[in-house]
Each structure stands twice: as C-alpha cells, then as structure tokens.
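J.: Have a look at the structure that comes next, please.
The values are calculated or read from the model by the stated rules, or taken from the named source; none is laboratory data. Note that the coordinates shown come from a computational prediction; the quantities given were computed from them, not determined experimentally. Virtual Cβ from ideal backbone geometry, glycine too; neighbours counted across all protein chains shown. All accessible areas refer to the heavy atoms of the entire protein, side chains included, with ligands and DNA or RNA removed. Shrake-Rupley method; radii C 1.70, N 1.55, O 1.52, S 1.80 Å.
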Amino acid sequence: RMSGHLWLKFIGTVVGLLWLLPTQAHNALPDTLEQVRPSVVAVGVYNPLGSPRQEFRGTGFVVGNGHQVVTNNHVLPDKLSDRHKEVLAVFSGRGNKVRVHEARVLARDPAHDLVLLYISNPLPALQLASPGAVREGERIAFTGFPLGMVLGLYPVTHQGIVSAIAPLAQPQISSKAITRDMLRSMRSASQALQLDATAYPGNSGSAVYLQHSGAVVGVLNSVLVKENKESVIQKPSGISYAIPVRHVHELLKKAGN
C-alpha cells in the first residue's frame, strides 16, 4: 500500500503534469512560427525607377512546389505602368534584406477573392490542411505585414481562436440591404471562418494556420466578408475573417496542380 506521503507526492506530480499541458500547447506557437515565417511574403509592385522602389499591398504565402503564392485578388493592382517599368512582385526576406521576385498570375477565384501567383525562384512552402479539418475553438495564428510599407518587411503575428464557422453572407432584415455580392454568396452557400483576432489592411492574404502544426486552414480576408456580413456595422473591433482553405485547394486544381 502507498503511504500518505507517497500519495501526496503522486497527486502533486499528476497535478503538475495537468498544469503543464495547456502551457505546452500554448508554447507551441514559437516553434511553429519558426517554420511558417520563411513562407510568408509581401505582395505588391516593384518599380525600378521609383522611390521607394517597392510598394507592399498585402501579404501572401508560398504553397505547392514553392513556386506558387496565394494572396487575395484585391491585393493585386488594377494595372501596371509600362512607362515606369512596374512589375507585379513578391517580396521575401526580412528587414532590409529584401529579395524581389517578379510574379505572374496563374489562376484567379474572384468569387472568393483569391489569386494564385507564380515565381521562378522557389521558397519554402506551407502545408495546407485538408478541407474541413478546422473546428470551432481551434487555436490559430496569422503572420503578415499589417501596416505594409510603414513597418517594412518585418512579419507580425496575431493569434486567437476560430470563433465560428458561418455562412459568408447573412440574410438581411430588409431586402433593400441585400447587395448583389450578398445574393451571390448566399446562393453559393460559401462559409467563412470568424476569428477572435484583429487584422489590418496589410494582413489581407495572410495564411491562417493552426498554432500546433502550422497547417493552413484559411486565407485572411476581411474585405470580401465584411462587405457581405457586416455592411450595416460600422468599424467592428477584434473580429477578423478568413476564406476556408478548401478554396485554395480548388484554386490549385484550377491551375493544374
């Protein structure tokens, strides 16, 4: 039989291990971030004649064979100036060590505001989670460039949970409030990930990944979703949205990958 002293020691050990479990899960993020960060890029325009030469318009992340970059369709410029020799570009590196990769469009998904780009020099790619792998309550993070050119090429990470998985567009009280985009979204039965984390304009196109594994479960996109879900709410705080990763899988298939 175990003595009272040994019982107390045993119980103390068990309680200590239970106490460590959430801490260890929480501390998984630094290790995951080390793996994710090399795959996070800025997307924008390179102008060899301009000052500055780089214009960061959003965030992207590398997938597939390392030559492909996913971002939001709205991040891309409407047009480029041939006169100023502007090119669509992906920017990798950190701080002042910026590497410019000329990019071209492989495939677009305007309905979900996604685009797939091609770069000739490969970079480390992120793993895509299988469609439907994420659950409400999962701890997630996203890494990107929230203020673009203001902070330079220093990736910033935000964390939170998946608060809800809900339709991309909600039925409105009045038919007058329904826009064409809302109607299209309601018909397509698309869903969005609602995140308990704050994002900024430069975060558009950031990969939303699981903290414990780094697997991508969505693409940050508050612009498209807020137009559909929150057109009647002014400046909501602390909430962001992402397009589920299944649409990235579909985009890769569309591009023949």
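J.: Exactly one of (1) at pLDDT 95 or above; (2) touching a Phe, Trp or Tyr at 6+ places or on another chain (Cβ under 8 Å); (3) closer than 19 Å to P201 by Cβ is unmet by P146. Its number?
T.: (1)
J.: When only residues in region 58-96 that are small (G, A, S) and not in a strand (DSSP E or B) count, which is farthest from A42 (Cα to Cα)?
T.: Per the criteria, the residue is S81.
J.: Right, next: Could you check P244 against (1) at pLDDT 70 or above; (2) open to solvent by less than 10 Å² (accessible area, probe 1.4 Å) and say which number it fails?
T.: Here P244 meets the rest and fails (2).
J.: On the basis of being under 23 Å from A192 (Cα atoms), touching a helix residue (DSSP H, G or I) at 6+ places or on another chain (Cβ under 8 Å) and of a type in the set (S, T, Y), does T59 make the cut?
T.: Here the answer is yes, as T59 does meet what is asked.
J.: In region 167-195, which residues are at pLDDT 90 or above and surrounded by fewer than 15 Cβ atoms within 10 Å (Cβ to Cβ)?
T.: Passing the criteria: none in range.
J.: Looking at L153, L114, which one is among the hydrophobic types (A, V, I, L, M, F, W, C) and within 13 Å of V41 (Cβ to Cβ)?
T.: L153 is the lone residue from the list that is among the hydrophobic types (A, V, I, L, M, F, W, C) and within 13 Å of V41 (Cβ to Cβ).
J.: Of all residues in region 41-79, which are of a type in the set (F, W, Y) and over 20 Å from the mean Cα position of the chain (by Cα)?
T.: Result: Y46, single match.
J.: For region 223-232, state whether one or more residues are under 24 Å from L106 (Cα atoms), surrounded by fewer than 22 Cβ atoms within 10 Å (Cβ to Cβ) and modelled with pLDDT under 90.
T.: yes
J.: Which of the residues spanning region 100-146 are surrounded by fewer than 17 Cβ atoms within 10 Å (Cβ to Cβ), of a type in the set (A, V, I, L, M, F, W, C) and closer than 21 Å to Y209 by Cβ?
T.: Passing the criteria: only A133.
J.: Does at least one position in region 41-55 carry a residue that is closer than 26 Å to A129 by Cα and either out of contact with any Lys or Arg (no Cβ under 9 Å at 6 or more places or on another chain) or not in a strand (DSSP E or B) (or both)?
T.: Scanning region 41-55 turns up at least one residue that is closer than 26 Å to A129 by Cα and either out of contact with any Lys or Arg (no Cβ under 9 Å at 6 or more places or on another chain) or not in a strand (DSSP E or B) (or both).
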